[in-house]
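Worksheet for the structure shown next.
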Amino acid sequence: MSRTRTVISATFAVIGMGVLGACGLGAEDAGSVKPVAVQQQQQAPSTPPAKLVAAEVDGLGQVLTDGNGMTLYRFAKDAAKPPKSNCDNACATAWPPLLSDGPAEVTGVDAALVGTVIRTDGKKQVTVNGWPVYGFAKDTAPGKALGQGVDGNWAAVTPAGAKAEEKAVSVNVTEIPGLDQVLADQNGMTLYLFTKDTKKPSKSTCDGDCAAKWPPMLVKGETQVTGVDSKLIGKVTRSDGTEQVTIGGWPAYTFAKDLKPGDANGHGVGGTWYEIEPAGCKVAEGKEPTNAAADSTAPPAGAPSDTTGGY
């Protein structure tokens with residue numbers, strides 16, 4: 001009998017602890033308590049609105065970039081009508097989809113062309129004119145477009161949702177007062193060599209801030225030439241994986257302070273930057289452009305060059 005009372009008492013004690021544990025909660029409150037996992041799931045943050053920005057990318061013209069300036073692409077194996085993404089798993093690791101739970105914020109893009117598609121994992125991917133859009137993991141900085149043409153299936157996407165077409169890269173002869181004949185790119189912008197680079201073997205040493213001030217002449221495929229021996233034209237792989245045009249072995253650049261065709265404001269900057277002549281050499285000593293704007297980084301005639309290389 002004593003043992004029976006002990007078991008009954010213990011049972012009521014456990015029930016009592018349960019009641020006390022719910023102390024202060026009414027019937028409604030007690031029924032509304034949810035498991036921790038469910039609460040965490042409900043509180044999980046949603047994907048913030050994506051950004052679509054129209055921007056100029058060398059060699060491609062105007063294409064779409066994300067909020068960080070990274071080039072966006074479309075995949076030929078996807079579908080646009082109706083929208084469908086066919087890039088999952090390892091593909092989505094190499095080509096991260098642009099995700100957005102809400103309407104994307106757009107700049108330079110017709111908002112009526114922008115929508116979303118539900119991916120196989122349930123996430124919403126941004127579409128432009130029906131095409132799902134992606135980034136590329138090997139693009140390490142704004143302005144890069146290393147994904148252009150990969151496997152014949154990937155292309156940067158334009159603000160209209162079309163595939164971006166690569167612009168032909170060309171080297172042409174032009175006349176600049178005071179310098180006579182020098183070389184220019186397909187836009188008529190003066191081309192320069194950097195004496196701290198090497199021509200045998202071809203090697204570019206201008207990266208980072210230097211490359212921002214002296215944009216390398218990048219190319220995919222062949223370089224067209226006019227008035228230049230095609231045997232002088234080549235290309236070299238830069239440290240970021242892009243390919244740069246070489247002329248006579250020298251990597252070729254433009255200058256950010258040249259604002260229009262015929263400008264030669266980079267002449268002699270830092271004592272290391274010079275226009276390229278049609279023979280693939282730097283312009284002859286003693287020549288000076290008569291239309292160049294004054295540049296504080298160019299040393300006076302006869303003065304020793306600085307050690308910064310002009311950047």
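Brief remarks follow.
- Residues in region 107-143 that are among the basic types (Lys, Arg) and assigned to a loop (DSSP other than H, G, I, E, B): Arg119, Lys123, Lys138.
- Scan of region 122-146 for residues that are at pLDDT below 95 and either open to solvent by less than 70 Å² (accessible area, probe 1.4 Å) or more than 11 Å from the chain's Cα centre (by Cα) (or both), ordered by number: Asp139, Ala141, Gly143, Lys144, Ala145, Leu146
- Contacts under 7 angstrom Cβ, first residue in region 229-242 being within 23 Å of Gly208 (Cα to Cα), partner surrounded by 12 or more Cβ atoms within 10 Å (Cβ to Cβ) and among the hydrophobic types (A, V, I, L, M, F, W, C), 6 or more apart: Lys235/Val219; Lys235/Val245; Gly241/Leu146; Thr242/Leu146; Thr242/Leu218
- Gly69 meets all of the listed conditions (1) without any contact (Cβ under 8 Å) to a residue 60 or more places away in the chain; (2) open to solvent by less than 70 Å² (accessible area, probe 1.4 Å); (3) not in a strand (DSSP E or B) but one, namely (1).
- Residue satisfying all of: in region 79-100; out of contact with any Gly (no Cβ under 9 Å at 6 or more places or on another chain) and in a loop (DSSP other than H, G, I, E, B); nearest to Asp110 (Cα to Cα) among these: Ser100
Residue-by-condition table, conditions (1) open to solvent by less than 60 Å² (accessible area, probe 1.4 Å); (2) at pLDDT below 75:
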{"residue": "Val33", "(1), (2)": "no, yes"}
{"residue": "Cys87", "(1), (2)": "yes, no"}
{"residue": "Cys91", "(1), (2)": "yes, no"}
{"residue": "Pro97", "(1), (2)": "yes, no"}
{"residue": "Thr107", "(1), (2)": "no, no"}
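- The set of residues in region 41-61 being surrounded by fewer than 15 Cβ atoms within 10 Å (Cβ to Cβ) and under 21 Å from Gly152 (Cα atoms) consists of Gly61 alone.
- Elements of type strands (runs of 3 or more DSSP E) in region 147-257, at least 1 residues being of a type in the set (Asp, Glu) and either more than 30 Å from Trp131 (Cβ to Cβ) or open to solvent by 20 Å² or more (accessible area, probe 1.4 Å) (or both): 169-176, 180-184, 243-247
- Pair list, Cβ under 6 Å, 6 or more apart: region 272-288 residue closer than 20 Å to Trp214 by Cα, other residue part of a strand (DSSP E or B) and among the basic types (Lys, Arg): Tyr274/Lys282
- Entry remark, region 104-137: residues being out of contact with any Asp or Glu (no Cβ under 7 Å at 6 or more places or on another chain) and within 11 Å of Thr71 (Cα to Cα) number 4 in total.
- Residue under evaluation Arg119, criteria (1) open to solvent by less than 60 Å² (accessible area, probe 1.4 Å); (2) in contact with a Pro (Cβ under 7 Å, 6 or more places away or on another chain); (3) in contact (Cβ under 8 Å) with a residue 40 or more places away in the chain, criterion not met: (3)
The values are calculated or read from the model by the stated rules, or taken from the named source; none is laboratory data. Quantities reported herein were computed from a predicted structural model and do not represent experimental measurements. Reconstructed Cβ throughout: ideal geometry from the backbone, glycine too, with neighbour counts over all protein chains shown. Surface areas here come from the heavy atoms of the whole protein model, side chains and all, with no ligands, DNA or RNA. Shrake-Rupley method; radii C 1.70, N 1.55, O 1.52, S 1.80 Å.
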